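Below: the structure, in structure tokens.
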């Protein structure tokens with residue numbers, strides 16, 4: 001049961017990197033993108049369905065591995081940077097067409113998306129006890145992979161060519177490495193099996209709905225005209 | 001202020017900001033879902049415009065609900081790891097279920113609803129807003145389960161230095177939960193009703209063109225506020241029995257909790273009276289212009305009452321994080337420094353307050369602009385013709 005829930009945690013974190021990776025990549029590319037409306041329109045319908053994977057990661061950490069939750073306070077500054085950047089990126093998307101100037105919010109989205117990447121570098125490197133400079137370098141790697149994935153996504157969505165699988169898999173690598181490195185320690189810190197049984201019984205019936213909703217997003221917004229809400 | 005005070009104030013401020021947006025989300029979601037259903041049935045332009053106008057307000061409000069909620073969730077891990085250390089095996093379960101089987105779906109379906117205009121089949125599109133509503137209520141359920149555990153640690157047992165989950169059913173039938181959950185949901189309807197009334201009253205008072213649309217909305221708001229205030233007051237008083245059963249001295253020697261409670265009850269009764277009068281006059285309310293400024297004037301009150309209610313509930317728990325098990329002072333992250341909490345306080349409270357102000361400015365602007373220029377559900381611009 002503890003291994004099953006570690007699998008859920010890993011799947012959610014990998015899913016977050018693969019999916020939110022292209023949103024953040026497109027965000028960082030904005031200053032270099034001539035048609036920003038179309039770029040943001042391309043990721044727009046996916047953002048709400050993608051970012052929520054990380055909220056689920058935190059939920060699984062609380063519910064199934066509460067003893068591991070001190071990774072957040074142990075990497076306090078990185079988590080604060082992650083949250084503030086995430087909040088500002090979202091605010092940029094919601095407000096871009098509506099408050100102040102578009103350029104202000106586009107720069108906010110770009111800088112905040114980069115901030116999320118740096119925070120991930122610091123946080124994931126912190127898990128392995130690596131130094132801050134190494135964390136920043138790791139963050140640059142995350143940013144580079146996300147930018148690649150974001151470019152690929154824009155090509156795929158706006159011109160309809162190729163596949164997202166390779167860049168998507170590459171975007172997940174920075175998460176997979178620490179997951180492999182910490183797997184033993186995380187599993188050893190799982191909640192009692194009675195808890196995991198309750199969680200399994202409660203969540204299992206919803207798995208088809210969760211998967212179905214995500215697939216529906218891709219089927220509905222994977223092609224056709226680009227919507228203009230964000 | 002020391003580290004503990006700052007951590008508490010940070011949680012109180014981000015929590016209050018979060019709830020200001022959540023309470024309106026809970027109230028508006030079913031109303032927008034009803035309007036959208038009506039539009040799908042009739043196909044009339046009037047129903048379409050109403051759905052898009054109120055939907056735009058709903059979505060704009062929702063944006064801040066999400067970003068404040070993100071900070072709330074991670075704050076437990078940042079500042080209150082003592083709580084997870086002591087009771088994570090119990091407290092973590094409802095939080096995990098909230099994220100997995102409520103909010104995950106809510107966020108995904110909301111994306112489908114916002115971007116699904118002119119794209120999803122009509123009735124499936126209507127289904128997404130109902131799914132958003134249901135999952136929002138499910139979310140409120142799990143959060144209230146978690147909060148009720150702090151008020152009364154039902155379903156848990158002491159095991160050496162920590163609490164263990166003993167009876168999941170008891171967690172869900174906590175006496176601190178049974179009346180508090182409907183109280184919170186009807187507070188949402190009250191806020192939703194008053195906001196809909198107020199924005200409609202603004203347009204009717206200004207004699208803007210959408211007279212019929214806003215007359216209808218005003219009546220809908222009046223009925224919602226009436227049902228909401230009756231239930232919120234009823235379930236509020238119904239809580240006294242179960243709450244004083246498990247927290248007998250909740251409002252004794254806790255002046256802030258007692259003040260919050262007293263003021264909330266006062267405002268609750270006042271709003272009940274206003275809603276009762278309006279429901280009697282509902283037939284004439286759209287035409288009687290002298291009523292409209294009065295309606296706009298009382299609209300901040302249900303928001304204030306909602307915050308006062310949380311102050312009463314949470315201050316009445318002090319100095320306990322978990323009632324008679326763990327103190328707030330013992331729940332704080334060990335070794336949390338003044339520098340860390342100051343940085344996160346400025347970052348979270350500062351950024352979220354600015355964004356909240358910006359969001360309310362935007363909502364007021366959407367209300368004033370009226371139902372003619374609504375971005376939500378706009379017809380997509382025609383695809384550019386291919387040129388060679």
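Computed from the coordinates by the stated procedures, all read-outs in this text should not be read as laboratory data. Just so it is clear, the structure is predicted and the values come from calculations on it, not from any experiment. Cβ sites come from the backbone with ideal geometry, for glycine too, and all protein chains shown count toward neighbours.
Things worth noting here:
- Relative frequency of Cα-Cα separations exceeding 26 Å in the stretch A:2-221, percent: 37
- The GNM of chain A, with springs linking C-alpha atoms under 10 angstrom apart, assigns the highest mean-square fluctuation among A:17, A:134, A:206 to A:206.
- Centroid-to-centroid separation of the stretch B:175-245 and the stretch B:36-110 [C-alpha atoms, Å]: 19
- Mean Cα-pair separation over length for the stretch A:42-196, i.e. relative contact order, pairs under 8 Å, 6 or more apart, %: 25
- Fully extended contour minus Cα-Cα distance, from residue A:100 to residue A:207, at 0.36 nm per residue: 34.4 nm
- The stretch B:1-158 - percent relative contact order, Cα under 8 Å, separation 6 or more: 27
- Candidates A:218, A:105, A:156: whichever shows maximal mean-square fluctuation once chain A is modelled as a Gaussian network with Cα springs under 10 Å: A:218
- The order of A:99, B:213, B:100, going from fewest to most other C-beta atoms within 10 Å of their C-beta, is A:99, B:213, B:100.
- Relative exposure of B:144, A:148, judged by other C-beta atoms within 10 Å (fewest first): A:148, B:144
- Debye log10 I(q)/I(0) at q = 0.06 Å⁻¹ for chain B, Cα point scatterers: -0.25
- Computed over the stretch B:3-369: relative contact order in percent, which uses C-alpha pairs under 8 Å that are six or more apart: 25
- Take each residue in A:78-86, count the other chain C-beta atoms within 10 Å of its C-beta, and the mean is 5.
- Residue of A:213, A:64, A:39 that the Gaussian network model of chain A assigns the largest fluctuation, springs spanning Cα pairs under 10 Å: A:213
- Between 0 and 90°, nearest 10: helix A:76-95 axis offset from chain A longest Cα axis: 40
- Projected-area mean, the protein assembly as shown, by convex hull of Cα positions, square nanometres: 27.4
- Between the stretch B:317-367 and the stretch A:128-165, the alpha-carbon center distance in angstrom: 32
- Spin-label pair residue B:354-residue B:280: with each label point 7 Å from Cα along the Cα-Cβ axis, the two points sit 5.0 nm from one another.
- The mean number of partner chain beta-carbon atoms within 10 angstrom of a residue's beta-carbon across peptide B:62-70 is 4.
- Neighbour counting of Cβ atoms within 10 Å sorts the residues A:69, A:106, fewest neighbours leading, into A:106, A:69.
- C-alpha long axis of helix B:351-369 to longest principal axis of chain B, angle in °: 20
- Rounded tilt (10° steps) of A:36-64 against the dominant C-alpha axis of chain A: 10
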